Structures are given as structure tokens and as C-alpha cells.
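Colleague: Sharing a structure with you now.
Readers should treat all values here as calculations from the given coordinates under stated rules, not as data from a laboratory. Remember, it's a predicted structure, so these values are computed and weren't measured experimentally. Don't worry about glycine lacking a Cβ; one is built from the backbone with ideal geometry, like all the others, and counts go over all protein chains shown.
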Amino acid sequence: MHLIGTAVYFTVLGLLACYGLHRYVMLFLYYRHRRQKMEPVGRFAELPTVTVQLPLYNERYVAERLLDAVAALDYPRGKLQIQVLDDSTDATTEIVARKTAALRAAGFDITHVRRGNRLGFKAGALAHGLPSARGEFIAIFDADFVPQPDMLHKTIHFFTDPAVGMIQTRWGHLNEQYSLLTRLQSMFLDGHLLIEQTARSRSGRFFNFNGTAGLWRRSCIENSGGWQHDTLAEDLDLSYRAQIKGWRFVFLPDIVTPAELPVEMNAFKIQQHRWAKGSIQTCKKVLPMLWRSTAPLKVKLEGTIHLTSNFGHILLLILCFMLYPAAAAGTNQATGGNPWTKMLLVDLPLFLAASLSISAFYFCAQMELHRCWWKRLAYIPVLMAMGVGLSLNNARAVIEGLVNYRSEFVRTPKWGVTGQNRVGGGYRTLLGLVPYLELAFGLYFTWLIVLAIERGQWMMIPFVMIFQCGFLYVALMSLMPSWLRWWRRAALELLPANA
């Protein structure tokens, strides 16, 4: 049993190290291609018609802000069509109806599209609007995004290359400074949206539409099978199907479309769960297509790592269970050898390959984007801890995707946050059992730290503290809103009696 446990431990660490080494590959490709200029091959003599699709579901705090931003796009009104694809069941519908009527009276070609159901969720809404779209090109913005006025002018001319099927802009952050949670999210996204997307795009690998803040050639959507709703990641799914068909995608990191980050942990976890589950569903669906395609081997290998990357959450969760047996084995002299030798020659190199790459990855993204990047270094250990703390939530999503557990597209609640200002907060998220399991994991790793101190395993403590702090932070931030609501109700019930 000891040999089996040791084999599992090193297998998990080794696989995590492989994903970690892949981040170094992304950094290499990014720095190799980052100075490559992205210029359109020509310019349209006459601007083409663009249809802007705005899929909405219960977005009462941000819907009007989105419509104002789209109305402010610097593009000829005769060449701009706006479709508000509204599946809402709350006050959003009334807000949108009022705003679209005002914009229509001001001369905009805008329609308020209601389906009466949520069949296919976001993918279903986008597919429903496509037949009535006038545009040769389709721009898509989620409710929490605020496109800049010149966004269409800066992107549309890349479509003068008939092989280009999609253009993606980089996400910005409206409320990055709102809290520690939003700062950490911004760093997560910066790593993906700057390093990974740039590296993949400019090195000829496949990369994905991020679901919003981008434009599609309509014929690319139709030629690639259209929007399909058999996964929760319709954007990733269509992206791979289109590139397998031979369409070329363009990522423009210098064109930024700001968006609102979730300000509550539970909302962030909903978003992460949906992304992780959708990616696994898409992996099962398109990975066989990718390997049957005529794409180069480097594209197939990179696509495989990209599509399977969320399996890392399962590996991380297994590692959580293996840490105590591994630590116990390290102190058992009867198993042979010096535990310090094993740690220095085996554990430490694998750990550094698995974790140091993460630090380097996010550090480089911050250094590229921010003049005072050194002020952000202190957040990187916290970022790593939160990534560990999310592993239970995301591992559950991966398992659901693997076993074909069906669930609806759960939207990420938005509250109209800009900077430090917050408009609303009426949307609540269900907790379930996961936060309590995360809390149990945090207490388990606290116990492991105590054991490590008793046994003098000093090198193990910083490693375990990342797990401890990550699970405790994610759990307490998840539970805090409901605890505060309970305390408020209890205080209100006691107030009349005291009066």
C-alpha cells in the first residue's frame, strides 16, 4: 500500500508539473511573438454592416449601462443593428423595453428580442437572433461589458482578410480595485488574456473566443455548424470547430474592452464552475475532431493541453489527500533513506515545476501591463492560495462534465460596480455543501501544519500553508454573506424585545 500511495503521489505531482511546464512554453511563445505587429491586410472602402448581439438574463443593474455604451459606438447608424436578446424573468425586461424604445426614437436600429424560454441558454439566444441579423459581422457583448466608442473602427478592418473568422479583444477591469477578490481575479484574467491568448494567436496555435468583447464573421459561424448548446462553453466549442474548418482567429491585446468583475466569492465560484464544466464538455466533444483534422501536430498537442487543463483541479484535489501520507512516509526511516534527500531531490523539484511556473506566469503578465508592477508581487502567493482553494469547486465541475451531469447555464450575478461604487446586490447565490467542505479542508491543513511543527518538517510548512490559507479564504468568503444575513435577522428579531 505504501508503494501504491507513493506512486500516486509522484504521478499526481508529475502531471501537475507537466501543466506547470506548459506555462513556461506559453511564456516563451509570448516573448518570442509579443513585438509582432498586428495590422489588417487592408481597409474597407465602405464600412460593412455590423449586428451587435447583447444576450441578457436578469441583468437589471447593468443592462442600461450596456445599452448606453453600445449606443455610443462610433459607427455609422445605417450600418449598425442592435439586438437585445433578453431572456430575463425580472425587472430587466421593463428596463430594456424602456431603453430600447428611447434609442429607437433616437434613430437606432434596435430590437428587443424575447423568446419566452431559455432553451439553449446563451447559445440558444445567440442562435435565435442570427436569422434576423442584418450584419455580415456579429459583435457580441455580455451584460457586464462596456465597449469603448472606437472598438468597431479598430477591429473591423481585420476582416478584409477573407480567412479571418473571429476577432477577440482583451478584457479590462472596471472594478479591479474594489476588493482583494477583484484584484486577484484581474491577475487571473490578465495571465490568460494577455499571455496565453497572445502566445497561441501569434504562434499559429488554436485559441478561443472568450464569449464576449469580440466580433465574428457571420459566414464563419454558419460554416462551422452555428451556436450549439450541448456544452456550457459554447464559445470554446464554436472556436475549435471553426479553426478545425480552417478559419483564422485574431487576438488584439492592445484593444481593451472593460468589464465588471464579480465582487462576491459565490458569484466568482459560479463563473469558475461554469467555465470548468463547459471546458470538459467541450474537450470530450471536440478533441476527437481535432486529432482527426489536418491541423499541424504542434496545434494538436497545444489544443490537447488547452482542452484538458481543467483536469488539473482533480489532480490538485488528489494531492490534498496525499499530502499527509506523503509527509508520514517522509518521517518513516524504515522506508529507507534520508527524508531530506527525498525532499530536496524529488519533492522540491516537482513542486517548483508545478508551482513556480504559476508565479512566473502571473508575474510576467503584471510586469507587461503595469508600470508599478512590483507593487503587485505581494498578491502572487495569495493568488496561488486562492487557486488551490477553488480546486474543490472546480473539481466538482470537472466531474460533472465527465459523467454528463446536466445542469443549466447559471449566470454570474452582476451589481453595476465601477471602481468602489456598487449599484445593487439583490441577486443571491445558493451555497450548497461545498463551502463547508472547503472549511473542513482548511482545518485539515491547519492540523497538518501542527503535525509538521511537531515533527520538525519545516520545509513542508510553507507548502501546506498555501493549501490552508487558500481553502480557509475561499470558504470564509463564501459563507460570510449568509452568516451576516443571519446575524442581521437575529438582531432585528431581538430588537423589539429589547425596546
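Colleague: Want the number for residue 371 to residue 219: 0.36 nm per residue separation, take away the alpha-carbon distance, what's left? Could the numbers behind the result be given before it?
Modeller: Working: separation 152, 0.36 × 152 = 54.72 nm, distance 4.10 nm.
The span from residue 371 to residue 219 would gain 50.6 nm if fully extended.
Colleague: For residue 3 and residue 105, calculate 0.36 nm times their separation in residues minus their Cα-Cα distance, and state this gained length in nm to one decimal. Show your work: numbers first, answer last.
Modeller: Working: separation 102, 0.36 × 102 = 36.72 nm, distance 7.45 nm.
Here the segment from residue 3 to residue 105 would lengthen by 29.3 nm.
Colleague: Under a plain spin-label model, where a point goes 7 Å from the Cα along Cα-to-Cβ, how far apart in nm are residue 254 and residue 324?
Modeller: In this crude label model, residue 254 to residue 324 measures out at 5.5 nm.
Colleague: Taking chymotrypsin sites (Phe, Trp or Tyr not before Pro) that fall in a DSSP loop and have at most 15 other Cβ atoms within 10 Å as cut points, what is the longest piece of the chain between them?
Modeller: On the way: sites that count: 44, 405, 458.
The longest uninterrupted stretch comes out as 45-404.
Colleague: Can I ask one more? Find which of 113, 80, 207 sits farthest along the positive direction of the dipole of the chain, computed with +1 on the beta-carbon of Lys and Arg, -1 on that of Asp and Glu, about the Cα centre.
Modeller: Of the options given, the answer is 207.
Colleague: State which stretch of the chain is the longest one without any exposed GluC sites (Glu not before Pro), exposure meaning a DSSP loop state and at most 16 other Cβ atoms within 10 Å. Display every interim value, and only then the final one.
Modeller: Numbers: sites that count: 46, 136, 408.
Of all site-free stretches, the longest is 137-407.
Colleague: Using a Förster distance of 22 angstrom, determine the FRET efficiency expected from the C-beta separation of residue 292 and residue 136, and round it to 0.05. Working shown, then result.
Modeller: On the way: r = 31 Å, r/R0 = 1.39.
My answer for the efficiency is 0.10.
Colleague: Just flag the trypsin sites (Lys or Arg not before Pro) in segment 42-95 sitting in loop per DSSP whose Cβ has no more than 12 other Cβ atoms within 10 Å.
Modeller: Details: sites: 43, 60, 65, 77, 79; in loops: 43, 60.
Answer in residue order: 43.
Colleague: Same structure, new question: Could you tell me which residue out of 288, 55, 434 lies farthest along the dipole of the chain toward its positive end? Charges go on the beta carbon: Lys and Arg +1, Asp and Glu -1, centred on the Cα centre.
Modeller: 288
Colleague: Candidates [x] 0.99; [y] 1.23; [z] 0.95; which is the computed Rg/Rh (Cα atoms, Kirkwood Rh)?
Modeller: [x]
Colleague: If I take R0 = 45 Å and measure r between the Cβ atoms of residue 28 and residue 436 in this structure, what FRET efficiency does the formula 1/(1 + (r/R0)^6) give, to the nearest 0.05? Let's see the in-between values first.
Modeller: Values: r = 42 Å, r/R0 = 0.93.
For R0 = 45 Å, the calculated efficiency reads 0.60.
Colleague: Give the calculated FRET efficiency between residue 91 and residue 489 to the nearest 0.05, with a Förster radius of 25 Å applied to their Cβ-Cβ distance.
Modeller: Details: r = 25 Å, r/R0 = 0.98.
Step by step, r from the Cβ atoms, then E = 0.55.
Colleague: Pick out the long, greasy-scoring helices in the chain: whole DSSP H runs spanning 18 Å or more along their own axis by Cα, mean Kyte-Doolittle at least -1.0. If you can, show how the numbers build up before the last one.
Modeller: Working: long enough: 2-33 (47 Å, 0.92); 92-105 (20 Å, 0.09); 265-292 (40 Å, -0.49); 311-331 (30 Å, 1.79); 348-369 (31 Å, 1.42); 434-455 (31 Å, 1.27); 460-498 (53 Å, 0.89).
Qualifying helices: 2-33, 92-105, 265-292, 311-331, 348-369, 434-455, 460-498.
Colleague: Here's another thing I want to ask about it. I'd like the distance separating the alpha-carbon centroids of segment 456-480 and segment 73-92, in whole Å.
Modeller: Answer, in whole Å: 45.
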